[in-house]
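The values are calculated or read from the model by the stated rules, or taken from the named source; none is laboratory data. Since this is a predicted model, take the numbers as computed values, not measurements. Every residue, glycine among them, receives a Cβ derived from its backbone with ideal geometry; neighbour counts consider all protein chains shown. Keep in mind that these areas ignore ligands, DNA and RNA; they rest on the heavy atoms of the full protein, side chains included. Shrake-Rupley method; radii C 1.70, N 1.55, O 1.52, S 1.80 Å.
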Amino acid sequence: MQTLDAAMTRSKVYTNPDLTLDKLSELADVPSRKLSQYLNEDAGRSFFDYVNDLRIESAKEILIGSTDSKLTVQEIMYQVGFSSKSSFNTLFREKTGKTPTQFRKDRSTS
(Lines give C-alpha, C1' and ligand atoms only; values in the text may rest on other atoms or scores of the structure.)
Protein backbone atom coordinates (compact mmCIF):
# COMPACT_ATOMS: atom_id res chain seq x y z
CA MET A 1 0.00 0.00 0.00
CA GLN A 2 2.86 2.37 0.81
CA THR A 3 4.37 1.80 -2.63
CA LEU A 4 1.06 2.54 -4.34
CA ASP A 5 0.48 5.62 -2.16
CA ALA A 6 3.99 6.91 -2.89
CA ALA A 7 3.58 6.39 -6.64
CA MET A 8 0.15 8.04 -6.68
CA THR A 9 1.36 11.00 -4.62
CA ARG A 10 4.57 11.46 -6.58
CA SER A 11 2.96 11.29 -10.02
CA LYS A 12 -0.35 12.83 -8.92
CA VAL A 13 -2.09 10.55 -11.40
CA TYR A 14 -5.20 10.80 -9.21
CA THR A 15 -5.70 14.34 -10.55
CA ASN A 16 -6.71 12.87 -13.91
CA PRO A 17 -10.53 13.00 -13.89
CA ASP A 18 -10.57 10.11 -16.39
CA LEU A 19 -8.48 7.79 -14.22
CA THR A 20 -9.84 4.26 -14.16
CA LEU A 21 -8.78 1.09 -12.43
CA ASP A 22 -7.53 -0.24 -15.77
CA LYS A 23 -5.42 2.87 -16.40
CA LEU A 24 -3.94 2.73 -12.92
CA SER A 25 -3.20 -0.98 -13.25
CA GLU A 26 -1.33 -0.29 -16.49
CA LEU A 27 0.71 2.46 -14.81
CA ALA A 28 1.43 0.28 -11.79
CA ASP A 29 2.11 -2.75 -14.00
CA VAL A 30 -0.31 -4.82 -11.95
CA PRO A 31 -3.31 -6.69 -13.33
CA SER A 32 -6.48 -4.69 -12.66
CA ARG A 33 -8.15 -7.61 -10.93
CA LYS A 34 -5.23 -7.97 -8.53
CA LEU A 35 -5.12 -4.21 -7.89
CA SER A 36 -8.84 -4.13 -7.17
CA GLN A 37 -8.57 -7.12 -4.85
CA TYR A 38 -5.65 -5.51 -3.07
CA LEU A 39 -7.49 -2.23 -2.55
CA ASN A 40 -10.64 -3.98 -1.35
CA GLU A 41 -8.98 -6.49 0.97
CA ASP A 42 -5.83 -4.75 2.21
CA ALA A 43 -6.85 -1.11 2.06
CA GLY A 44 -10.50 -1.76 2.89
CA ARG A 45 -11.87 0.51 0.21
CA SER A 46 -12.85 0.57 -3.42
CA PHE A 47 -10.75 2.07 -6.19
CA PHE A 48 -13.00 5.14 -6.34
CA ASP A 49 -12.85 5.64 -2.57
CA TYR A 50 -9.07 5.36 -2.69
CA VAL A 51 -8.72 7.90 -5.50
CA ASN A 52 -11.25 10.29 -3.98
CA ASP A 53 -9.49 10.14 -0.59
CA LEU A 54 -6.25 11.22 -2.29
CA ARG A 55 -8.09 14.01 -4.11
CA ILE A 56 -9.68 15.32 -0.91
CA GLU A 57 -6.35 15.26 0.92
CA SER A 58 -4.76 17.17 -1.94
CA ALA A 59 -7.59 19.72 -1.90
CA LYS A 60 -7.15 20.19 1.85
CA GLU A 61 -3.42 20.84 1.37
CA ILE A 62 -4.15 23.43 -1.31
CA LEU A 63 -6.85 25.10 0.79
CA ILE A 64 -4.48 25.29 3.77
CA GLY A 65 -1.33 26.24 1.92
CA SER A 66 -2.43 28.51 -0.90
CA THR A 67 -1.57 32.17 -0.60
CA ASP A 68 -3.47 32.99 -3.78
CA SER A 69 -6.67 34.61 -2.54
CA LYS A 70 -8.10 34.51 -6.08
CA LEU A 71 -7.85 30.71 -6.30
CA THR A 72 -11.44 29.50 -6.21
CA VAL A 73 -12.75 26.30 -4.70
CA GLN A 74 -13.90 25.29 -8.17
CA GLU A 75 -10.37 25.73 -9.56
CA ILE A 76 -9.04 23.57 -6.72
CA MET A 77 -11.74 21.00 -7.46
CA TYR A 78 -10.50 20.71 -11.05
CA GLN A 79 -6.83 20.69 -10.00
CA VAL A 80 -7.32 17.63 -7.82
CA GLY A 81 -9.32 15.68 -10.41
CA PHE A 82 -13.00 16.23 -9.68
CA SER A 83 -15.29 17.24 -12.49
CA SER A 84 -18.48 17.60 -10.47
CA LYS A 85 -18.89 20.34 -7.89
CA SER A 86 -21.66 18.49 -6.07
CA SER A 87 -19.58 15.30 -5.79
CA PHE A 88 -16.58 17.27 -4.59
CA ASN A 89 -18.58 19.17 -1.97
CA THR A 90 -20.38 16.03 -0.78
CA LEU A 91 -17.20 13.97 -0.43
CA PHE A 92 -15.27 16.85 1.12
CA ARG A 93 -17.97 17.30 3.72
CA GLU A 94 -18.09 13.56 4.43
CA LYS A 95 -14.32 13.49 5.05
CA THR A 96 -13.91 16.77 6.95
CA GLY A 97 -17.33 17.66 8.33
CA LYS A 98 -17.16 20.97 6.46
CA THR A 99 -17.62 22.29 2.95
CA PRO A 100 -14.42 23.33 1.17
CA THR A 101 -15.36 27.00 1.66
CA GLN A 102 -15.95 26.50 5.40
CA PHE A 103 -12.69 24.54 5.67
CA ARG A 104 -10.74 27.34 3.98
CA LYS A 105 -12.41 30.02 6.11
CA ASP A 106 -11.72 28.13 9.36
CA ARG A 107 -8.06 27.62 8.40
CA SER A 108 -7.54 31.28 7.52
CA THR A 109 -8.96 32.48 10.85
CA SER A 110 -6.97 30.02 13.01
Exercise for the section: Among 86, 40, 15, pick out the residue whose Cα is farthest towards the positive end of the charge dipole of the chain, where Lys and Arg carry +1 and Asp and Glu carry -1 on C-beta, about the Cα centre. Expected result: 86
Fill in the blank from the handout: To the nearest 20 debye, the chain has a Cα-centred charge dipole, built from +1 on Lys and Arg Cβ and -1 on Asp and Glu Cβ, of 460
Handout entry: Binned Cα-Cα distance frequencies in the chain - 5 Å width, integer %
Key = 2, 12, 22, 22, 17, 13, 7, 4, 1, 0
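Nearest 20 debye, what's the magnitude of the dipole of the range 54-105 about its Cα centre given +1 on Lys and Arg Cβ and -1 on Asp and Glu Cβ? All intermediate terms of the calculation are to be shown ahead of the outcome.
Numbers: 9 positive and 5 negative charges, 40 e Å.
In total the dipole reaches around 200 debye.
Add -39500 (n - 2.57) for each DSSP H run of 4 or more in the chain, then divide by its residues: what number comes out at 222 nm, to the nearest 500 deg cm²/dmol?
It comes out at -20000 deg cm²/dmol, rounded to the nearest 500.
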Exercise for the section: Express the carbon and sulfur contribution to the solvent-accessible surface of the chain as a percent, rounded to the nearest whole number, probe 1.4 angstrom. Expected result: 47
Exercise for the section: Return one number: the angle in degrees, 0 to 90 and rounded to the nearest 10, between the long axis of the Cα atoms of helix 47-65 and the longest principal axis of the Cα atoms of the chain. Expected result: 30
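Would you mind computing Rg(Cα) / (2.2 N^0.38 Å) for the range 45-98, counting N as its residues?
Details: Rg = 10.8 Å, N = 54, 2.2 N^0.38 = 10.0 Å.
Taking the Cα Rg and dividing by 2.2 N^0.38 Å, one obtains 1.08.
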